[in-house]
Amino acid sequence: MSAAASRAKLSLEDYVAGVTNSDRAVLARAITLTESLNAEHQQTAQEMLVRLLPHTGKSQRIGISGLPGAGKSTFIDAFGSMLTAKGHKVAVLAVDPTSSRTGGSILGDKTRMARLSADANAYIRPSPTGGTLGGVARATREAILVCEAAGFDVILVETVGVGQSEITVSEMVDFFLVLMIAGGGDELQGIKKGVLEIADMIAITKADGDNMKRAQATVADYSHALRIITPQSPTWIPPVVSVSAMENRGLDDVWEKIGIHKKLTGQSGEWAKKRLAQQIRWMWAMVDDRLLNRLKTDSNVKALIPTLENEIAEGRITATLAVDRIFKSFGI
């Protein structure tokens with residue numbers, strides 16, 4: 001697509017044809033279309049997604065999280081480059097709940113993943129929030145579908161934030177990988193039980209040079225910690241491995257174990273059931289998100305909010321009564 005054409009208004013047919021033909025300019029614009037809050041754009045986006053659905057669902061969706069300093073960007077750069085060298089097409093979607101402040105700079109993502117950003121078989125895209133984590137979830141889930149329709153067979157969803165964003169990402173992927181720092185017991189205290197419960201694998205990063213022994217000790221620490229947690233799957237016990245993105249060590253092992261996980265959960269029927277459950281959960285999440293947005297933008301509710309907030313602050317009504325009045329104003 002020429003530069004002039006890339007700026008021209010695209011029809012629904014243009015979007016569908018461009019995405020399925022892996023046109024990068026159209027792919028970028030298609031994802032931007034799904035992110036738009038404009039009603040007309042949203043209608044076109046949903047029509048486009050319905051047309052693209054037959055081309056989706058065939059990728060391996062992998063969530064990647066980790067504490068600050070764990071080297072997520074370095075790992076994704078090396079891991080993604082290894083996968084493209086094997087013939088895969090890799091899309092990286094970065095989920096950042098704070099991007100409403102930072103702007104979710106694409107340049108920043110490309111700078112921190114230098115090799116992958118220059119790879120013809122890779123695509124890097126941050127997901128803006130729209131101010132809420134629910135906004136991230138919608139934008140990222142729909143970006144996954146668009147990237148799959150464009151022929152990307154491995155989707156890496158990186159959670160830049162912590163806490164609830166990790167849960168959100170784990171609920172839209174097939175496999176959730178948690179990166180941890182090599183070291184002593186202090187790191188073990190820094191990871192919440194909830195993250196261990198949703199992890200399908202833990203990889204101890206920077207396992208090279210003088211850090212090798214500490215990495216091996218940390219693998220043992222986390223392996224022990226995982227033994228006291230009931231696995232999510234009856235067919236899969238989350239492994240703990242060590243990796244070095246700088247030396248490209250252990251990356252093949254991570255990919256091999258992801259493949260084994262897909263094979264085992266596929267044979268047991270868990271993989272398909274998880275995908276279906278995610279679709280249904282997505283539907284209800286969108287119901288919640290849309291209802292909340294309609295409530296907040298309703299003129300009657302907006303006019304009532306200042307009064308209710310003052311009455312609550314002055315102790316004249318309870319929060320429950322305020323909610324009742326909001327719903328009554330909204331017609332519920």
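At a glance:
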item	result
Derived scalar couplings ³J(HN,Hα) [region 304-317; Karplus, 6.51 cos²θ - 1.76 cosθ + 1.60; whole Hz; x for Gly, Pro]	7, 3, x, 5, 4, 5, 5, 5, 5, 4, 8, x, 8, 9
Accessible area of region 263-332 belonging to carbon and sulfur atoms, whole % at 1.4 Å probe	60
Local electrostatic count at Arg275 - Lys and Arg +1, Asp and Glu -1, tallied over other residues with Cβ under 14 Å	+3
Probe 1.4 Å - accessible area at Met246, Å² to nearest ten	150
Residue with peak Gaussian network fluctuation, the chain [Cα springs, cutoff 10 Å], from Val240, Val287, Val301	Val301
Efficiency of FRET from Cβ geometry, Gln216 and Arg115, R₀ 35 Å, rounded to 0.05	0.80
The chain: calculated mean residue ellipticity at 222 nm from DSSP helix runs of at least 4, using -39500 (n - 2.57)	-18000 deg cm²/dmol
Distance (nanometres) between label positions extended 7 Å along Cα→Cβ at Leu67 and Gln42	4.0
Sulfur and carbon atoms: percent of accessible area, region 1-55 [1.4 Å]	56
Cβ-derived FRET efficiency at R0 51 Å, Ile237 paired with Lys302, nearest 0.05	0.50
Whole-angstrom gap from region 221-273 to region 299-332, using each part's C-alpha centre	48
Within the chain, longest stretch free of exposed trypsin sites (Lys or Arg not before Pro) [DSSP loop, at most 16 other beta carbons within 10 Å]	193-315
Label selected from [x] 39, 27, 23; [y] 35, 28, 19; [z] 33, 23, 22, the criterion being semi-axes √(5λ) of the Cα gyration tensor in Å as computed here	[y]
Val287 paired with Phe327, simple spin-label distance in nm, labels 7 Å along Cα-to-beta-carbon	1.4
Accessible area (Å², per residue) of the chain, counting only protein heavy atoms and a probe of 1.4 Å	50
Length added when fully stretched, Ile280-Ala28, from 0.36 nm per residue minus Cα-Cα	88.0 nm
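The values are calculated or read from the model by the stated rules, or taken from the named source; none is laboratory data. Note that the coordinates shown come from a computational prediction; the quantities given were computed from them, not determined experimentally. All Cβ positions, glycine included, derive from the backbone under ideal geometry; neighbour counts span all protein chains shown. Surface areas here come from the heavy atoms of the whole protein model, side chains and all, with no ligands, DNA or RNA. Shrake-Rupley method; radii C 1.70, N 1.55, O 1.52, S 1.80 Å.
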